[in-house]
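J.: Questions regarding the structure given below will be posed in turn.
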Amino acid sequence: MPVIIAPVDSISHSDSTDSQELFPIREVSRMTGINPVTLRAWERRYGLIQPMRTESGHRLYSRHDIETVNRILSWVERGVAVSKVGKILARDARQAEAVRAEGVAPQENEWLQLQARLRQAISAFDDRQLESLYGQVLATYPISVAFQDILMPLWSELLRHQGRFGQASEWLFFDAFLRMQVSQRLQLASAAAPRRVLLAALPGECRKLELLVAGLLIARDGLAVRVLGMGQPFDELTLVCQKIQPQALVIFSNHAHNHDLAARLNRLAQTLDCPLFIAGDASDLAENDLAGSSIGCLGNDGPVMQRRLQQFLSGSLDT
């Protein structure tokens, strides 16, 4: 992979104190799939990325800049307008700062090393090595860290980069492996828990693994999550709840909501005998529209989703 190792005096960025691995715009375009014109627009028009500059004015992007580009792309693919992505990135930065302020330093180097080893196993289609590494991750970290910080970011990266021969097969291999593992954990938890929450996706607004992982992150001792099938008709959820009689129904979406989502959820809530919640990225995006309604917003972070659900069900947190 062509890179530029730029000395300090060739960069106009004031906070560069050491030589860094930097990438020209054509390389960033190749790595992310975003053309240079769009990258420049995200910088000039929206201020979403701030690459360094050489003395001659050429843009140089750091690894952090490339991660930001991928995050922007992820939100745009979920239906969020580019003009609104800046607020989301700022919110995420505040949350990360709050985590650091609490003294919980992310072990990013260890995570990156594990991801590199996982990537090697995936590239070799080595299911035994992949299973061993998966077990190591789950034995070392809490479930929320294992999936949100290690496994799913790698899954998303492989999903985005399927341009070369064999990369689509690698993603399919990893996706099938994770779906099997998560499904097994959910089934074991469901058999042991006396109470049950139903989890359903808004049609076309997440992938199967994202829904399964959300169920795994929401579940806790004594409360299992039953994941309904992809493509579950929205207008039949009342019927399903009448027959299963769950403690709650959680609607999951990773896309930006359209204007009638709040109205649809409110109509659904009026037909249910159990509380209704929304989770995933759409939960944060729809929170203002649902303020004052009977629908609870669980967020998109594992521990937060689990805690809010418990508080809502216990009556200690109002919608």
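The values are calculated or read from the model by the stated rules, or taken from the named source; none is laboratory data. Predicted, not measured: the structure shown is a model, and the values here were computed from it. A quick note on method: Cβ atoms are made from the backbone with ideal geometry, for glycine too, and the neighbour counts reach across all protein chains shown.
J.: Exactly one of these conditions fails for Ala219: (1) over 22 Å from Gln306 (Cα atoms); (2) touching a residue at least 12 places away in the same chain (Cβ under 8 Å); (3) of a type outside the set (Asp, Glu). Give me its number.
T.: (1)
J.: How many of the residues in segment 189-226 are touching a Pro at 6+ places or on another chain (Cβ under 9 Å) and within 25 Å of Glu77 (Cα to Cα)?
T.: Keep residues of segment 189-226 that are touching a Pro at 6+ places or on another chain (Cβ under 9 Å), which gives 195-198, 203, 217, 222-224, 226.
Filter once more, keeping what is within 25 Å of Glu77 (Cα to Cα): 203, 217.
Matching residues across segment 189-226 total 2.
J.: Further, regarding this structure: Considering (1) modelled with pLDDT under 95; (2) of a type in the set (Ser, Thr, Tyr); (3) over 21 Å from Val145 (Cα atoms), say which one Thr271 fails and leave the rest.
T.: With respect to (1) modelled with pLDDT under 95; (2) of a type in the set (Ser, Thr, Tyr); (3) over 21 Å from Val145 (Cα atoms), Thr271 is out only on (1).
J.: Inspect segment 175-198 for any residue being touching a residue at least 60 places away in the same chain (Cβ under 8 Å) and either surrounded by 22 or more Cβ atoms within 10 Å (Cβ to Cβ) or among the small types (Gly, Ala, Ser) (or both) and give the result as yes or no.
T.: Taking every residue of segment 175-198 in turn, at least one turns out to be touching a residue at least 60 places away in the same chain (Cβ under 8 Å) and either surrounded by 22 or more Cβ atoms within 10 Å (Cβ to Cβ) or among the small types (Gly, Ala, Ser) (or both).
J.: Which one is surrounded by the fewest Cβ atoms within 10 Å (Cβ to Cβ) among residues in segment 289-303 that are at pLDDT 90 or above and of a type outside the set (Ser, Thr, Tyr)?
T.: Looking at the filtered set, the residue picked out is Ile295.
J.: Right, something else. Among all residue pairs at least 6 apart or on different chains, which show Cβ distances below 7 Å where the first residue, located in segment 37-65, is under 19 Å from Ala90 (Cα atoms) and the second is in a loop (DSSP other than H, G, I, E, B) and polar (S, T, N, Q)?
T.: Between residues of segment 37-65 that are under 19 Å from Ala90 (Cα atoms) and residues that are in a loop (DSSP other than H, G, I, E, B) and polar (S, T, N, Q), the close pairs are Glu43/Gln50.
J.: Tell me, yes or no, whether segment 73-82 has at least one residue that is of a type in the set (D, E, K, R), within 27 Å of Trp155 (Cβ to Cβ) and in contact (Cβ under 8 Å) with a residue 60 or more places away in the chain.
T.: Yes, segment 73-82 contains at least one residue that is of a type in the set (D, E, K, R), within 27 Å of Trp155 (Cβ to Cβ) and in contact (Cβ under 8 Å) with a residue 60 or more places away in the chain.
J.: Starting from residues that are at pLDDT 70 or above and of a type outside the set (A, V, I, L, M), keep the ones in segment 103-118 and report whichever is farthest from Glu157 (Cα to Cα).
T.: Restricting to residues being at pLDDT 70 or above and of a type outside the set (A, V, I, L, M), the top hit is Gln107.
J.: Here are the criteria: (1) surrounded by fewer than 18 Cβ atoms within 10 Å (Cβ to Cβ); (2) in contact with a Ser or Thr (Cβ under 9 Å, 6 or more places away or on another chain). Tell me which single one Ala224 does not satisfy.
T.: (1)
J.: Under the condition of being part of a helix (DSSP H, G or I) and touching an Asp or Glu at 6+ places or on another chain (Cβ under 8 Å), which residue from segment 40-70 is surrounded by the most Cβ atoms within 10 Å (Cβ to Cβ)? Even if it seems obvious, please write down each step before you answer.
T.: So in segment 40-70, the residues part of a helix (DSSP H, G or I) come out as 40-44, 63-70.
With touching an Asp or Glu at 6+ places or on another chain (Cβ under 8 Å) added as a condition, the list becomes 63, 70.
Numbers: Arg63: 12, Asn70: 18.
Filtering segment 40-70 for residues that are part of a helix (DSSP H, G or I) and touching an Asp or Glu at 6+ places or on another chain (Cβ under 8 Å), the one surrounded by the most Cβ atoms within 10 Å (Cβ to Cβ) comes out as Asn70.
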